[in-house]
Amino acid sequence: MSVQTSFDGFVEDLAAQLAGYGFEQGEGGLVFRRFSPDGDALIVEVQISEHSSRHEKVFYLNVALVLAPKWGWDRQRNGRSESALPWHENGIWRRRLGFTRLSPAGGQWRIADDDTAYEASTLVRQRLDETMPRILPLLNRAVVLDQTVEVLGPGDWLLRAWLLAEWGPIEELRHLLFVERPQSTYHSIPTKAVWGYANSRAQPAEWQ
């Protein structure tokens, strides 16, 4: 049995598990997306490492949250079509699924044969079953806006900012960016992008 065949079996098992959580398998078979009614997306992506060889498949399991307003802003600025789908790299929040937990670095997964594919599949299944209840609520904007979500960490303010920005340059967003945040961040790239998007909204709806 070839390494590629063993790896393909792992991906099939991963696809089946993620389908149970509402994810759809995308192009190339290594990216999985679940969209909310608002157009936000959770993404699980298998990233093949350059350290792979014909004897061993080495890869990462990337997890990302893509917010529709941020993706729309980036897509427009980069000349992407409206039908373009986001990838892990487009996520405003990104992590890797490691052997024990989600983390920015994560761990390298390795498959050399059917035995190691089975071991990886078993452990990944356990980690995803532990992780999904923590990250699926991120597709609920009320949760992101109104609650402290432990998995987001200190960067949760930027997610809230992008969601508020859909309403235009409203007072809640102004307060978040220019009162709650340190003055040193007022001219940072993330703050300028959010504020630019908010001001691009032609007729901002009244915040309720």
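The values are calculated or read from the model by the stated rules, or taken from the named source; none is laboratory data. Because the structure is a prediction, the values reported are computed rather than measured. Every residue, glycine as well, gets a Cβ built from its backbone with ideal geometry; the counts of neighbours run over all protein chains shown. Note: areas computed on protein heavy atoms with side chains; ligands, DNA, RNA excluded. Shrake-Rupley method; radii C 1.70, N 1.55, O 1.52, S 1.80 Å.
Before moving on, here are some points about what is shown:
Quick grid of which residues meet (1) touching a Lys or Arg at 6+ places or on another chain (Cβ under 7 Å); (2) among the small types (Gly, Ala, Ser):
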| residue | (1), (2) |
| --- | --- |
| Ile92 | yes, no |
| Arg96 | no, no |
| Thr100 | no, no |
| Asp129 | no, no |
| Ala142 | no, yes |
| Thr148 | no, no |
| Gly155 | no, yes |
| Ala161 | no, yes |
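- Residue match in the range 164-176 (condition: in contact with a Pro (Cβ under 9 Å, 6 or more places away or on another chain), within 24 Å of Ala41 (Cα to Cα) and assigned to a helix (DSSP H, G or I)): yes
- Positions within the range 56-73 being surrounded by fewer than 21 Cβ atoms within 10 Å (Cβ to Cβ) and closer than 18 Å to Arg160 by Cβ, in sequence order: Ala68, Gly72, Trp73
- Residues that are under 23 Å from Phe10 (Cα atoms) and open to solvent by 20 Å² or more (accessible area, probe 1.4 Å) within the range 34-55 comprise Arg34, Glu45, Gln47, Ile48, Glu50, His51, Ser52, Ser53, Arg54, His55, listed in sequence order.
- For the range 135-148, the set of residues classified as surrounded by fewer than 18 Cβ atoms within 10 Å (Cβ to Cβ) and free of Cβ contacts under 8 Å to residues at least 24 places away in the same chain consists of Pro137, Ala142, Val143, Leu145, Asp146, Gln147, Thr148, listed by residue number.
- Every pair of residues 6+ apart whose Cβ atoms lie under 6 Å, when the first sits in the range 175-188 and is farther than 15 Å from Leu164 by Cα and at pLDDT below 95 while the second is open to solvent by 100 Å² or more (accessible area, probe 1.4 Å) and of a type in the set (Gly, Ala, Ser): none
- Extreme residue, surrounded by the fewest Cβ atoms within 10 Å (Cβ to Cβ), among residues of the range 110-121 that are closer than 19 Å to Gln47 by Cβ and of a type in the set (Ser, Thr, Tyr): Thr116
- Restricting attention to the range 74-109, the residues being over 26 Å from Ala193 (Cβ atoms), of a type in the set (A, V, I, L, M, F, W, C) and open to solvent by less than 80 Å² (accessible area, probe 1.4 Å) number 2.
- A search for C-beta distances below 6 Å between a residue of the range 54-79 that is closer than 30 Å to Gln4 by Cα and of a type outside the set (Ser, Thr, Tyr) and any residue that is open to solvent by less than 10 Å² (accessible area, probe 1.4 Å) and part of a helix (DSSP H, G or I), counting only pairs 6+ apart in sequence or on different chains, returns Lys57/Phe7; Leu65/Leu138.
- Strands (runs of 3 or more DSSP E) fully within the range 48-135 counting 2 or more residues that are within 19 Å of Leu30 (Cα to Cα) and of a type in the set (D, E, K, R): 93-97
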